[in-house]
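Values quoted throughout were computed directly from the atomic coordinates according to the rules given, and no laboratory measurement underlies them. Computed from a predicted structure; not experimentally measured. When we count neighbours, we look across all protein chains shown, and the Cβ atoms used for this are built from the backbone with ideal geometry, even at glycine.
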Ligand SMILES: [Zn+2]
């Protein structure tokens, strides 16, 4: 609707399926900031393949991290369907199991507040829930304490009557117990979009309970797909004489459909050759 602020669900509805250009981006970014990469993937899929996402980046940046993760799930569904294959290792016997998660089973989480108040002992704190941008900036600052202090400095609105902004040093100087309490309150307020997988090991019968971090699983799958990209481009270019750019701009599903046709032709040619030999 004109004039209305975009919500997470309308943003997810505007995503186009992934193309090879985004798969190439994921493949090239193996050692980078995984959070920033997820944000960039979403922003690019709000624009046409190969186009600069422009202000779509700011839209993605403003999503709560839970909303960003759900948008990523929506992108995965739109691009590759709702069945997500993953591997799970039994903690009791070490056996690996292949599982398929049905992403349509994920319900919409309740709407989250944008900020919360935390009261702990004599302290009273107001803090924003972290956005996709906050999380990317914190990830760039490093793991553990540096990242946590960066995140807290960005999201802290008011500390015992003192309004922000706060520096990373301010955040790092906060009593560790209070920081724990703030972290826990933020964690509680953010809708949980990850799955708790409960199953039984078919090798040793042990019960397995494992959290599934969907954004991580989806990114790992894209990295794996990126390995085949060069070969797929090679096959399509050889068959259709399209440019690399044209091939990479195809949606993932469209590229797969052409590859299936090429394989079918190849199989038919083998059958004909076999008949000729007989
Ligand atoms: Zn087992």
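Points worth noting:
- Note: the chain, Cα convex hull, 188 Å³ per residue.
- Gain upon complete extension [residue 256, residue 31; 0.36 nm per residue less C-alpha separation]: 78.3 nm
- Relative contact order of the stretch 131-265, pairs being alpha-carbon contacts under 8 Å that are 6 or more residues apart, as %: 10
- Between helix 176-189 and the chain there is an angle of about 50 degrees, using the helix long axis and the longest principal axis of the Cα atoms.
- Translational diffusion coefficient (Stokes-Einstein; Kirkwood radius from C-alpha pairs) of the stretch 171-217 at 20 °C, 1.002 mPa s, in µm²/s: 157
- Relative contact order of the chain, pairs being alpha-carbon contacts under 8 Å that are 6 or more residues apart, as %: 21
- Note on residue 160/residue 192: beta-carbon distance plugged into 1/(1 + (r/R0)^6) with R0 of 25 Å gives a FRET efficiency of 0.25.
- Semi-axis lengths, largest first, of the ellipsoid equivalent to the stretch 149-237 are 41, 25, 10 Å, with √(5λ) applied to each eigenvalue of the Cα gyration tensor.
- For the stretch 115-189, radius of gyration divided by Kirkwood radius, i.e. Rg to Rh on alpha-carbons: 0.92
- Structure-based [θ]222 nm, the chain - -39500 (n - 2.57) summed over DSSP H runs of at least 4, per residue, nearest 500: -16500 deg cm²/dmol
- Taking 14 Å as the cut-off, the amide N atoms of the stretch 58-91 that come nearer than this to a point 7 Å along the Cα-to-beta-carbon line of residue 223 belong to 87.
- Per residue, the average separation of C-alpha pairs within less than 8 Å and at least 6 apart gives the stretch 1-96 a relative contact order of 31 percent.
- Among 13, 121, 226, residue whose mean-square fluctuation peaks in a GNM of the chain (springs only between Cα atoms under 10 Å): 121
- Angle between the chain longest axis and helix 132-141 axis [Cα atoms, degrees, rounded to 10]: 80
- Peptide packing: for 194-206, 163-175, 56-68, the average count of neighbouring Cβ atoms within 10 Å per residue gives the ranking 56-68, 163-175, 194-206, highest mean first.
- Projected label distance in nm at residue 238 and residue 122, using a 7 Å step from Cα toward the beta-carbon: 7.6
- Radius ratio Rg over Rh of the stretch 194-278, counting only Cα atoms, Kirkwood formula for Rh: 1.22
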